[in-house]
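Any read-out appearing in this document is the output of simple, stated calculations on the displayed coordinates, not a laboratory observation. Here the structure is a predicted model, which means the values were calculated and not measured. Methodologically, a virtual Cβ is constructed for each residue, glycine included, from the backbone with ideal geometry; neighbour enumeration extends over all protein chains shown.
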Amino acid sequence: MKKKGRVAVLLSGRGSNFEAIYQNSLKPDANYEVIVVISDNKDARGLERAREFGLKAFHVSPKKLKPKKVYEGKILEILKAHDVDLICLAGYMRIVGETLLSAYAGRLINIHPALLPSFPGLHGQKQALDYGVKVSGCTVHFVDNGVDTGPIILQKSVDVKEDDSEETLSQRILKQEHQLYSQAVTLFFENRLQIQGRRVIILS
């Protein structure tokens, strides 16, 4: 039986994308499993849910562990102890530093609620509405040392309705996020993602 890919999820809040990734990992044909969940927020709902699922879940405090390389060094210890192959950011509200980037180069991905490179950073849905776009969506991308600037793996568009609020648009985008993220993780462990400069080629 082929060994499944080992995934760590980093989150700061409710962890809805973590839950989607985890639930999809339980399907009979899944090629990955969620091994560990780590949060910078001890009160994160995602940590609570991970423990309810019987997963290893850790809080690592950036306030107690300074500078950043010490904080990320502790996270790296946990990742290595659990033999993690891929890191998925799921509402992780910190910019990833060099410690994790160098250790997991090409093995660290994120999801963003906008069609990058448009509307990076916080509140992508509100940025899109304020700008007046007709189409928004979500993006799964590799993580680099910028803010939502890494090579794009997958994108899904979502039409913006005339009466949309930030909340209603966010809800429709989130439904797509929950599908798209697991697709990207699956492709990664099928060894079908090849980074060529700024492009990610999906091999057939």
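From largest to smallest, the equivalent ellipsoid semi-axes obtained for segment 110-204 from the alpha-carbon gyration tensor read 25, 14, 10 Å. Taking the Cα centre of the chain as reference, the dipole from Cβ charges on Lys and Arg (+1) and Asp and Glu (-1) amounts to some 680 debye.
Database remark: amide H of Gly150 closer than 5 angstrom to the amide H of Asp144 (H placed geometrically; neighbours at sequence offset of 5 or more, or on other chains; Pro and chain starts carry no H).
When Val143, Val200 are sorted by how many other C-beta atoms sit within 10 angstrom of their C-beta, beginning with the fewest, the order is Val200, Val143. In this structure the amide hydrogen of Gly5, modeled in the peptide plane, comes within under 5 Å of the amide hydrogens of Tyr32, Glu33, none closer than 5 places in sequence on its chain.
Secondary structure note: in the chain, about 45% of the DSSP beta bridges are antiparallel. Treating each Cα of the chain as an identical point scatterer and ignoring solvent, apply the Debye formula and state log10 I(q)/I(0) at q = 0.09 Å⁻¹. Here the Debye-derived log intensity ratios amount to -0.33. Residues Tyr22, Tyr181 in ascending order of nearby Cβ atoms (within 10 Å, fewest first): Tyr22, Tyr181. Working note: 222 nm ellipticity from helices only, DSSP H runs with n ≥ 4, each -39,500 (n - 2.57), summed and divided by the residues of the chain, gives -10500 deg cm²/dmol to the nearest 500. The trypsin sites (Lys or Arg not before Pro) found in segment 123-168 that occupy coil by DSSP, while having at most 10 further C-beta atoms within 10 Å, are Lys134. Projecting the Cα atoms of Ala103, Val135, Gly124 onto the charge dipole of segment 45-194, computed from C-beta unit charges around the Cα centre, puts Ala103 farthest toward the positive end. Backbone geometry of segment 119-131 corresponds, through the Karplus equation with coefficients 6.51, -1.76 and 1.60 at θ = phi - 60°, to 3J(HN,Hα) couplings of 6, x, x, 6, 6, x, 5, 5, 4, 5, 5, 4, 6 Hz, x marking Gly and Pro. As a rough footprinting exposure proxy, the listed residues Phe53, Phe142 were ranked by other beta carbons within 10 Å of their own, and the order from fewest upward is Phe53, Phe142.
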